[in-house]
1. Tally up the carbon and sulfur contribution to the accessible surface of the chain as a whole percent, 1.4 Å probe, everything protein left in place.
2. Let's test the formula: R0 of 30 Å, r as the Cβ-Cβ distance of Ser62 and Lys258. What FRET efficiency results, to the nearest 0.05?
3. Within the chain, what percent of beta bridges assigned by DSSP are antiparallel, to the nearest 5?
4. So if R0 is 25 Å, what FRET efficiency would Asp235 and Phe268 give, r being the distance between their Cβ atoms, rounded to the nearest 0.05?
5. Can you give the angle from 0 to 90° between the axis of helix 153-164 and the longest principal axis of the chain, with both taken from C-alpha atoms, to the nearest 10?
6. Of all the stretches in the chain, which is the longest one without any exposed loop site, taking GluC sites (Glu not before Pro) in a DSSP loop (any state but H, G, I, E, B) with at most 15 other Cβ atoms within 10 Å?
7. Rolling a 1.4 Å sphere over the protein heavy atoms, what is the accessible area per residue of the chain, to the nearest Å²?
8. Work out, step by step, the length gained on full extension between Asp147 and Arg35: first 0.36 nm times the residue separation, then minus their alpha carbon distance; give nm to one decimal.
Amino acid sequence: MVEALITDLLTPEEAAQQAQATTAPNGLQYATLGRLDLPSLTADEIARLVGTVPTGLSNGLSTFRYVFVPLALSGARLEGGDTAAFPLVDRTLIAPAYSPALADRAICHRNAQVDGKEVVFLSSRLHSDRFALAFEFFINIAHNFTDTIGVPPSFGELLWQQVIANVRGETSIDAWEDRAGALGVSVAELDARARGSAPRGTVDEKARTSYYAAAFADTLAIYLLSVFMDFDYSDLREREYPLLAAPALAERLRAISKLFPPNDGYLFQILYRRRG
């Protein structure tokens, strides 16, 4: 039962103490805790994953530490459990070992302040392969950087040029909805006008700022994933929104690459599949 397992959980402070931090050559701090048991994700592979982050990005993440753990949980998700040892209902808890019962109550990541650092605990055992875990890691990197440093003005200009050109699709449901909000239209209307001129109306500056942040973070995560491993762009497709047109994404990725060139030993490349 879950109650019997709660005593095995660690507080963020205990987990951070047990997981000895390492500083990667790019300056990013990371650590592992417990048995991750993810195929082909050895210690060397995790080091390569962390090392993918360009130095230009990692310099803006000096207050963060990334810890790969089996499972990260919130006390609020331990329904029916004995939380007497953890009086804060929304307390982050770390499982140093995997169990199906706890997996049902775990989430992809949890953040906690420990010794002046924003520690991001990544639930490695919730991901079925290196693609999924890598993307989760890079999404956190991208959002942490965006929230801390912001969106480069040149990238914001590129995004708005594409919006005015009415390129179809976006990189996430958040970006898609924020883009519609920035233009003052519904997502249905935005999609319906994909082959016509951009919707006209009063620009919502607050929504545009949110759109810039969402689209930049999305593109940054996709860029990092492409530097780390080869993958098919269609693997990112979700049903809730139309995926950004490939040429438009390529333009965004090239802009990111100029801002944050890959570290030595890593390569960024876009390959197009031939039709027929």
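The values are calculated or read from the model by the stated rules, or taken from the named source; none is laboratory data. In this text, all values refer to a predicted model and were calculated from it rather than measured experimentally. Note that each Cβ is placed from the backbone with ideal geometry, even for glycine, and that neighbours are counted across all protein chains shown. Accessible surface areas use protein heavy atoms only, side chains included; no ligands, DNA or RNA. Shrake-Rupley method; radii C 1.70, N 1.55, O 1.52, S 1.80 Å.
1. Values: 6830 of 13770 Å².
Its accessible area is 50 percent carbon and sulfur atoms.
2. On the way: r = 23 Å, r/R0 = 0.77.
Efficiency at R0 = 30 Å is approximately 0.85.
3. On the way: 15 of 26 bridges.
Taking every DSSP beta bridge within the chain, about 60 percent pair in antiparallel fashion.
4. Working: r = 18 Å, r/R0 = 0.70.
Once rounded, the FRET efficiency stands at 0.90.
5. 60 degrees
6. Free of exposed loop sites, the longest segment is 80-237.
7. Numbers: 13770 Å² over 276 residues.
Heavy-atom SASA per residue in the chain reads 50 Å².
8. Values: separation 112, 0.36 × 112 = 40.32 nm, distance 3.09 nm.
Here the answer is 37.2 nm.
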